[in-house]
Amino acid sequence: MKKLLVVLLLIVAGVGAFLYFPRGGTATSASNAEGARAGAAFGPALDGEVYATGDLVRANVDGRAVLTFFDGSSMSVDPGSQVKVVALNRVSADGIQVTIEQSLGRSWSSVQKLKTPDSRYEVRTPSTVAVVRGTGFLTFVQQLASGGTQTTYQVDEGTLQVTATAGGTVSVPAGNQVTIAEGAAAPASATPIAPAPRLEINGSPGLAFLVVAPTGQSCGTAGGKAEIFGCVVSGDKVIVRDPAAGRWGVFLTSPGAIRTSAFTFDALVGTASVARQIMEGPLVAGQMVRSGITLKAGSPLTLSAFEPATVVTSVCAATAPGRVFASGAVDGRADAVKTFARDNKATPVSLVFTEDELNQVVNKNAPSATQGVTLSEAKIRIDGGGIHGTAKAATQFITVNASADVVGGSVGDKFTLKVSHLAADPLPPGLIDAVKGIVDSTTADISGSVPFVVKQVAFRNGCFWVSGVTAT
């Protein structure tokens, strides 16, 4: 991992995501997803990458993508689906205007309550235009054997106003759905969604939590995006419709001490609870806990007992899948994975790094000079938009403040980092070229630093993780 540490020393930026988002940017969180900028060819879409008006994002048959807008709203895109950002603008002080075109497949929109009268969030399909002001809903554009498409909207929270291209508007309240084919007018009213399996997850007052679906998407009250299809967050409660079977990761924390915290997982069909598990115990202020529970499909649904709770040092260590390597020397974790992989073939694993430990390492091991450029006072910050940092870059003639943003992901089952922004103040071209040359050459040669098949890279506040599967 030494090459990774060199990259993290060189990549630096404090204002990256916050500068991009107000300009109309959309950050992606992606696993095997692709993006195309303003008519260009599709290429890998990395976690934290910024897309703008006119860009396309699609999830291939093996992948998912999440678009996150600057007001906190998000759209999750299912495998085989494609969406286009038609318009994305900041209005007034806190307002947003979003128009998305969805030509095929499924998406889940979790829309924050719009804060200004001129704010707008709409989804266009070949047969409809849907407008909301704060809600959670599913959009499904399906190809018909007879030709053309039909669009189905299912609303779990709030109310959706759907206008058919052929005429007519129908209001779709929570718990209802509507289907409109190309060339068909809107029906007079929506119809109830048939009872379906769901999870109802509750935490004690003051307990913040995230749950991670078997698909790798997360949702919860601890500030995460509502990425999971059918997930609605309301107060201390999370509801997930049609949950995927498999292991659900659990992250718990609290800013204040809780003498007896209660965390409840309910599996329901309609309104009837068919399985329930409760995890109780004290929680120290600021403590972070990892656990998990397995949902088994069938009739009825069943829930395993909670996995033993483990205290962790970051949200990434709690939510990363598989066998997690999050402790020990930073530059020795890859070797620890290699040792583990010798006796554990085809096993899910994750490498976790926090910004605190990376800052300690890069400042301790900062190179005195590379290609005539000396870097010092490096500081790394990690959030949902990627890795950001700052450093002083000096030659024998001048010292400048350098900055950069980096996004990452899985490309060809390899770990990939990409510099999305690089600057210096003042801006002598020769120095910028020298620093960028160092970064580009190092990031291009980093794919072999992770000793497993990489499936996903995820950035969170204060940390990031690289997950995948050991060789067979």
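Descriptive notes on the structure:
- Basic side chains Lys and Arg get +1 at the Cβ, acidic Asp and Glu get -1 at the Cβ, and with that the dipole of segment 208-330 about its Cα centre reaches some 100 debye.
- Counted over segment 181-226 with a bin width of 10 Å, the fraction of Cα pairs per bin, in whole percents, is 18, 30, 22, 23, 6, 0.
- Gyration tensor verdict on segment 197-312 (Cα atoms; rounded if a/c is under 1.5, prolate if a/b is larger than b/c, oblate otherwise): prolate
- In percent, rounded to a whole number, the relative contact order of segment 197-312 is 26, using alpha-carbon pairs under 8 Å and six or more apart.
- Peptide packing: for 155-166, 266-277, the average count of neighbouring Cβ atoms within 10 Å per residue gives the ranking 155-166, 266-277, highest mean first.
- Cα-derived Rg over Rh, computed across segment 251-388 with Rh taken as Kirkwood radius: 1.10
- Segment 132-242: C-alpha pair distances exceeding 22 Å, %: 42 percent
- Out-of-range pairs (alpha-carbon distance over 26 Å; input Lys84/Lys418; Lys225/Lys345; Lys392/Lys418; Lys345/Lys418; Lys113/Lys296; Lys225/Lys338): Lys225/Lys345; Lys345/Lys418; Lys113/Lys296; Lys225/Lys338
- Here the calculated FRET efficiency for Ile398 and Asn363, from their Cβ-Cβ distance with R0 = 35 Å, stands at 0.95, rounded to the nearest 0.05.
- For segment 65-195, the pair-distance distribution built from all alpha carbon pairs, in bins 5 Å wide starting at 0, is 2, 11, 22, 24, 21, 13, 5, 1, 0, 0 percent.
- The string of couplings for segment 106-113 from the Karplus curve (6.51, -1.76, 1.60, θ = phi - 60°) is 10, 9, 10, 9, 10, 9, 5, 4 Hz, one whole number per residue in order, with x for Gly and Pro.
Read-outs throughout are calculated quantities, based only on the coordinates presented, and are distinct from any laboratory measurement. The structure presented is a predicted model; accordingly, all values stated were derived computationally and were not measured. Note that each Cβ is placed from the backbone with ideal geometry, even for glycine, and that neighbours are counted across all protein chains shown.
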